[in-house]
1. What helices (runs of 4 or more DSSP H), lying completely within the stretch B:14-119, carry at least 2 residues that are surrounded by fewer than 23 Cβ atoms within 10 Å (Cβ to Cβ) and of a type in the set (D, E, K, R)?
2. For the stretch A:9-30, name all the residues that are within 17 Å of the chain's Cα centre (by Cα) and not hydroxyl-bearing (Ser, Thr, Tyr).
3. Considering only residues that are within 20 Å of B:His261 (Cα to Cα) and facing chain B (nearest Cβ under 7 Å), look in the stretch A:161-184 and name the one that is surrounded by the fewest Cβ atoms within 10 Å (Cβ to Cβ).
4. Within the stretch B:139-154, track down each residue that is closer than 15 Å to B:Gly61 by Cβ and assigned to a loop (DSSP other than H, G, I, E, B).
5. Give the stretch A:174-186 a look and list any residue that's at pLDDT 95 or above and over 16 Å from A:Ile156 (Cβ atoms), or say none.
6. Could you tell me how many of the residues in the stretch A:68-109 are over 21 Å from the mean Cα position of the chain (by Cα) and of a type in the set (Phe, Trp, Tyr)?
7. For the list (1) over 19 Å from A:Thr80 (Cα atoms); (2) surrounded by 22 or more Cβ atoms within 10 Å (Cβ to Cβ); (3) facing chain B (nearest Cβ under 9 Å), I need the number of the one condition that A:Gly145 fails.
8. Given the options A:Phe63, A:Phe47, name the one that is within 13 Å of A:Ala98 (Cα to Cα) and in contact with a strand residue (DSSP E or B) (Cβ under 9 Å, 6 or more places away or on another chain).
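The values are calculated or read from the model by the stated rules, or taken from the named source; none is laboratory data. As the structure is a prediction and not an experimental result, all values here were calculated from the model. Every residue, glycine among them, receives a Cβ derived from its backbone with ideal geometry; neighbour counts consider all protein chains shown.
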Protein chains: 2
Amino acid sequence: MTQLIGGIEAGGTKFVCAVGTGPDDIRDEARFPTTTPEETIAQAIAFFQRQPEPVTAIGIGSFGPVDPNPKSPTFGFITTTPKPYWANVDLVGQIRQAIPVPIAFDTDVNAAAYGEYRWGAAQGLDSCLYLTIGTGIGGGGVINGHLMHGLVHPEIGHIFLPHDRTVDPFPGHCPFHGDCWEGLASGPAIKARWGQAAETLSEDHPAWDLEATYIAYGLVNLITTVSPQRIILGGGVMGQERIFTLVRQRVQALLNNYVQHPAIIREIAAYIVPPGLGNRAGVLGSMALTHLLTR
Amino acid sequence: MTQLIGGIEAGGTKFVCAVGTGPDDIRDEARFPTTTPEETIAQAIAFFQRQPEPVTAIGIGSFGPVDPNPKSPTFGFITTTPKPYWANVDLVGQIRQAIPVPIAFDTDVNAAAYGEYRWGAAQGLDSCLYLTIGTGIGGGGVINGHLMHGLVHPEIGHIFLPHDRTVDPFPGHCPFHGDCWEGLASGPAIKARWGQAAETLSEDHPAWDLEATYIAYGLVNLITTVSPQRIILGGGVMGQERIFTLVRQRVQALLNNYVQHPAIIREIAAYIVPPGLGNRAGVLGSMALTHLLTR
């Protein structure tokens with residue numbers, strides 16, 4: 001009998017739950033808005049409880065910051081989030097109490113990176129980074145086949161980049177850091193700077209040129225730091241093909257032939273790519289996290 | 001009988017060779033300037049050939065860029081360096097031809113990071129970053145117990161940072177990127193900006209305040225990207241205790257309590273530290289690389 005696994009993409013605006021064995025075999029799926037922990041976690045539990053067959057394991061990829069360290073007393077918690085009601089919530093503990101199976105837990109973006117590594121755009125590689133550029137900027141990754149962990153987990157949206165205020169006087173939108181990457185280039189930053197949402201900007205609006213510059217600066221920093229074998233860009237801001245083209249050109253220009261690898265010099269369209277799993281990277285990646293459980 | 005191992009720190013200005021079993025048992029050591037590959041590699045070979053007992057393995061940590069991928073046809077080469085005579089030099093091949101033992105090979109900074117992880121300031125941790133801030137800025141690291149590799153290897157000195165030209169009109173010193181981290185904050189950048197070498201600047205010279213700002217921006221980007229459990233700073237520019245103090249304060253101020261971990265909030269003096277192996281981090285790290293050889 002095939003073992004069913006469950007996935008929960010615990011996002012700041014919505015939860016997505018799925019049951020199946022992999023990307024080509026999803027038996028059921030549900031999405032609902034993230035309201036209070038009581039209500040939303042209860043909906044996730046109810047989704048798994050109403051399945052005809054029980055799951056043998058669950059993977060959770062959560063908005064954060066989270067505690068992904070299995071040795072820590074607060075493993076499985078969403079920790080210091082400014083999101084109302086959700087700080088210091090024992091997400092894993094509450095799910096496990098209702099559904100007593102092994103639970104894998106990581107950030108939403110590490111989950112998506114792992115899903116792309118196992119089943120998506122980074123299959124067959126040893127390393128990749130996954131970034132989402134939308135409501136915020138977040139990133140996770142796989143290096144040498146392992147998810148990126150250390151002191152805590154990556155918070156890639158909060159790197160600092162060149163910000164030429166003579167070109168872009170917008171002061172930045174991050175409540176912690178002002179003009180960090182997320183503060184300059186997330187969806188809300190675009191809206192605050194130009195007075196309209198990214199999705200409503202025409203293809204030739206000057207916003208895209210500036211946006212591509214900030215995304216390229218961030219990617220160059222990641223390439224020179226982590227040297228990933230592929231970079232996957234998801235999220236609402238990356239919805240157009242044109243922004244990918246602009247970003248790739250700008251990355252090559254900024255690196256200026258310093259990283260002499262064909263993936264960057266000649267084949268950058270296969271190096272900086274959209275998610276292979278599309279908008280299911282999060283929930284499928286959460287399912288994929290269960291492969292990391294030692295059984 | 002204890003097995004002797006060799007280490008070669010192949011630096012752009014000098015080579016350091018050592019033979020022994022570990023940091024507390026170095027049997028012989030030699031340093032000589034890096035001239036031409038013919039001359040310098042011959043000196044390294046002669047050092048090992050004149051030892052009374054043969055080494056069973058050699059680790060090499062080299063200036064770069066290098067090819068550290070054992071599956072690549074150019075494994076063990078120094079690749080595209082602008083250093084005269086040294087581009088496309090088969091360093092490992094030449095050493096192995098004279099001394100037919102297993103050879104481990106990586107960047108000088110990955111070697112130093114691995115030495116600190118095994119024997120120095122990062123013992124007992126799963127991750128660390130090692131940075132040298134001197135003639136250039138370079139960095140390597142261990143994540144989840146593995147050295148950082150991917151497409152190629154980290155080139156951390158070439159990240160881009162905020163550069164406020166109203167405060168610091170210096171255009172930057174990197175031939176590839178102008179005002180990248182190395183272009184703004186390496187030893188030669190300090191000298192070009194202030195007209196005197198870093199080592200000759202008094203402790204209260206304004207250069208140090210600006211230097212601490214650039215180092216802190218770089219470290220914040222590394223903390224939010226890689227989330228290392230410790231950061232080790234070596235190199236000529238880090239020779240004073242005061243610069244460490246300034247950098248730690250600046251990192252805390254820039255992060256602004258976003259990364260809520262006691263290592264940063266309360267114990268940063270134990271988080272951003274000098275090398276535990278002192279100025280032997282490079283050659284001892286090169287020796288330590290031999291532990292990664294599969295025998």
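1. Details: elements: B:37-49, B:91-98, B:108-119.
It comes to B:37-49.
2. Filtering the stretch A:9-30 for residues within 17 Å of the chain's Cα centre (by Cα) gives A:9-17.
A:Glu9, A:Ala10, A:Gly11, A:Gly12, A:Lys14, A:Phe15, A:Val16, A:Cys17, listed by residue number.
3. A:Phe176
4. Kept after step one, since they are closer than 15 Å to B:Gly61 by Cβ, are these residues of the stretch B:139-154: B:139-142, B:147-149, B:153-154.
B:Met148, B:His149, B:His153, B:Pro154 - these are the residues of the stretch B:139-154 that are closer than 15 Å to B:Gly61 by Cβ and assigned to a loop (DSSP other than H, G, I, E, B).
5. Listed by number, the list holds a single entry, A:Gly178.
6. Result for the stretch A:68-109: 1.
7. (2)
8. Details: A:Phe63 fails: within 13 Å of A:Ala98 (Cα to Cα).
None of the other options fit; the residue is A:Phe47.
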